[in-house]
Amino acid sequence: MHAALYQAQPGTVLVCDGAGTTRCALFGELMATDAANQRLAGLVAQGPVRDIADIDELGFPVWCTGTAPGQAAKSAVVSVGLPVVVGGVLVASGDQVIADADGIAVVPAAEWPAIQSEVAALTAKEERTRARLAAGERLADINGLDLRRFLPGNI
């Protein structure tokens, strides 16, 4: 993790397969501080992290499979920059990792240009919908749904 952290560029999401470890944390508050200082975008770890409350306080986004109080040994580097499978999904350098509280999506680098315009269009549509909702419109009306047959007295 230290080698990956050290060479990561701003905006990078670190993606790590902990090779089945559950007893030792792969990442902690000090690493998160370094990552945040380097303007990394987050961490996705198939394995535990520690100091999660401190990491949350830093505001550094982390998705992991658990927590563990002990730190991992810093004795070997398995690979850095090679494709890795995390959560059953293959992730390669350059892939786009999009994550929030609902989950994580990985878009292969080759597919990103085509999908990027779709993502931008969806984001713009949702912003317009939020504005209409804020103005008092109903979501079903905004979406053009005819709900008459589902309403009382119309069944």
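Here residue 98 meets each of (1) within 30 Å of residue 16 (Cα to Cα); (2) part of a helix (DSSP H, G or I); (3) hydrophobic (A, V, I, L, M, F, W, C) with one exception, condition (2).
Could you look through the range 101-128, keep only residues that are over 23 Å from residue 26 (Cα atoms) and not in a helix (DSSP H, G or I), and pick out the one that is nearest to the chain's Cα centre (by Cα)? Filtering first and then ranking leaves 107.
Note on the range 14-34: residues that are within 19 Å of the chain's Cα centre (by Cα), over 15 Å from residue 79 (Cβ atoms), open to solvent by 20 Å² or more (accessible area, probe 1.4 Å) and at pLDDT below 95 amount to 0.
For residue 97, are the conditions met, namely being among the hydrophobic types (A, V, I, L, M, F, W, C) and touching a residue at least 60 places away in the same chain (Cβ under 8 Å)? Spelling it out, residue 97 is indeed among the hydrophobic types (A, V, I, L, M, F, W, C) and touching a residue at least 60 places away in the same chain (Cβ under 8 Å). Scanning the range 35-67 for residues that are in a helix (DSSP H, G or I), open to solvent by 30 Å² or more (accessible area, probe 1.4 Å) and under 16 Å from residue 12 (Cα atoms) turns up 36, 37.
The values are calculated or read from the model by the stated rules, or taken from the named source; none is laboratory data. The shown structure was predicted, so the numbers you read here are calculated from the model rather than taken from an experiment. Because the Cβ atoms are built from the backbone with ideal geometry, glycine has one as well, and the counts that use them run over all protein chains shown. Each accessible area value is taken on the protein alone, full model and side chains, heavy atoms only, with ligands, DNA and RNA left out. Shrake-Rupley method; radii C 1.70, N 1.55, O 1.52, S 1.80 Å.
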